[in-house]
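Let me begin by presenting the structure, written as structure tokens, before commenting on it.
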Amino acid sequence: MSLFAKYAVKDSAPPAKEKKVNTAVKPEENKEVPKAAVKPKREAPVPPKDSMPMTDEFWKMESKIHEDIVEELKKKTIATPEQEKEIIEKLAGDKVEAAGDRLTYEQKQHLLQAVKYELLGYGPITSLLDNPDISEVMVNSAKDIYYEFKGKLVKSSLSFRDDAHVKSIIDRIVAPIGRRIDESSPMVDARLPNGSRVNAIIPPLALKGPSITIRKFSETPFTAGDLVGFGTWTEDMADFVEAGVDSALNIFISGGTGSGKTSTLNVLSSFIPEGDRIVTIEDAAELKLSQDHVISLESRPANIEGEGQITIRDLVKNSLRMRPDRIVVGEIRGAEALDMLQAMNTGHDGSLSTGHANSPRDMLSRIETMVMMAGFDLPVRAIREQISSAIDIIIQQSRLRDGSRKITHITEVLGMEGDTIVLQDLFVYKETGVDEQGNLIGRFTPTGIRPKVSDRLESNGFELPGRWFDEEPVDE
């Protein structure tokens, strides 16, 4: 049996040049877009080439070298991480050269890389985490790894040695932030040093073996201009939202899983004036704010005795005693919704948060349900009045069927009419067709309605351009 398996055919093709998606088509161009009678074939993006697939013999050699280096490190006095890295690279190179007499140069390089990844990174998935075009890494089991490449899921030829290997990588991720995972607590949320979000679950809950899901975030936080470049929104939408954040409007970001809510929340947080005192509250700290006066709070799970848990709700309550100018909650998903609404209604304007929902109206229904989870027997109308007076703007973000992420609605909360909360859309994204590659064509357009909050924006020194309120008709 060969030490190394051959490259998979699907991984041998060179990366394809990324095609730009037309996100803003002029009205007159819409007339030229034919309505396809047959669904066009979408070209899947060509994924990057994985490293050579690992065989059992490969893992035996890698494990032996790994163990030898660990024993060597125990005998040395290491002062800094940089010194440790230099020693590991030197030892790995020497031992691979000594052990690989019958290996080709390419095979030696692959083995050396695997040893370095194991000692300095996160095992086989390190190369996926280092690739900026990969946004998510999913380890379903030791031999079953997928990743999201430019919006599409791709199966990787990489693998772990066995379940114990996957579990060791999970422990390496969660240990530095004081989290744990074992049979008594088989699920954990964690983060990597760069802020990437990690969820891990192990047997007996995960039947196929330990599973890891890593949502990557950019090392450098996205800016409003980046989102314009990605086609997520337009400059006018960004200017309006920036004016809203600067004017201390309470803004809620709604969207599905993987729609980009956290990245957008980071952008919105960057609009907060430098002099404000900001308190961020998250399950796993992911937000990267550029302001100086920021206090980051993180929830804590229960210990092995089932005690010591600190929830998001506990942190929201505590933040009110910390003299915040702005409260930023990474995600509202439970009873903390009531405390957040009360904070918004009692002088803590300019608060920001996110939640899971498919539309602005659905987001209001979810918040209403989450308030009921607080355990107080509040009338539905009273809850809706709290919601309508607390939230000013809802930003709806969606991941569309072609993998692109768009802010499909910027919606204003007007107040109550009877027992119903009244909403009005200010900006919407409208699909106008599909190109030959199956990518969506559409454009962002204002609805032509002047916002109720425009007086607050103008009193804060912002002039609203007339074009924001000139509705552009969409060709049928």
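Every number here is computed from the coordinates shown, using simple stated rules; none is lab data. It should be emphasised that the depicted structure is a prediction, and the values quoted were computed from it without experimental measurement. Because the Cβ atoms are built from the backbone with ideal geometry, glycine has one as well, and the counts that use them run over all protein chains shown.
Annotations
- Hz values of 3J(HN,Hα) by residue in the stretch 298-308 - Karplus curve (6.51, -1.76, 1.60), Gly and Pro given as x: 9, 5, 9, x, 5, 7, 5, 8, x, 10, x
- Packing rank of 417-423, 343-349, 147-153, where each peptide gets the mean count of other beta carbons within 10 Å, highest leading: 147-153, 343-349, 417-423
- Residues L352, L158 arranged by fewest to most Cβ contacts within 10 Å: L158, L352
- R172/D276 FRET efficiency (R0 35 Å; Cβ-Cβ; nearest 0.05): 0.40
- Convex hull volume per residue in cubic angstrom - Cα atoms of the stretch 377-449: 106
- Scanning residues 5 or more positions from A357 or on other chains, those with amide H under 5 Å from its amide H are G255, G256, with H placed 1.01 Å from N in the peptide plane.
- Sorted by Cβ density within 10 Å, fewest first, the residues R161, R361: R361, R161
- Cα-projected label distance for I304 with D292, points at 7 Å along beta-carbon direction, nm: 4.4
- Pairs of lysine residues in the stretch 128-217 that meet both criteria, 8 or more places apart or on different chains and Cα atoms under 23 Å apart, total 12.
- Converting phi to 3J(HN,Hα) with the Karplus coefficients 6.51, -1.76 and 1.60 and the offset θ = phi - 60°, the stretch 239-245 yields 5, 5, 5, 4, 4, x, 5 Hz in sequence order, with x at every glycine or proline.
- Taking a ≥ b ≥ c as the square roots of the eigenvalues of the Cα gyration tensor, an a/c ratio below 1.5 marks the stretch 244-403 as rounded.
- Phi-based couplings in Hz for the stretch 187-202 (Karplus 6.51, -1.76, 1.60; Gly and Pro marked x): 10, 8, 10, 8, 8, 8, x, 7, x, 4, 7, 10, 10, 10, 9, 10
- The GluC sites (Glu not before Pro) of the stretch 236-306 that meet both conditions, a loop assignment by DSSP and at most 13 other Cβ atoms within 10 Å of the site Cβ, are E274, E305.
- Gyration tensor (alpha-carbon) shape descriptor, the stretch 128-217, a/c threshold 1.5: oblate
- Hull volume in cubic angstrom per residue (convex hull over the Cα atoms of the chain): 186
- All aspartates and glutamates inside 17 Å of K64 as judged from Cα atoms, apart from same-chain residues fewer than 8 positions distant: D56, E72, E89, D94, E97, D101, E118, D162
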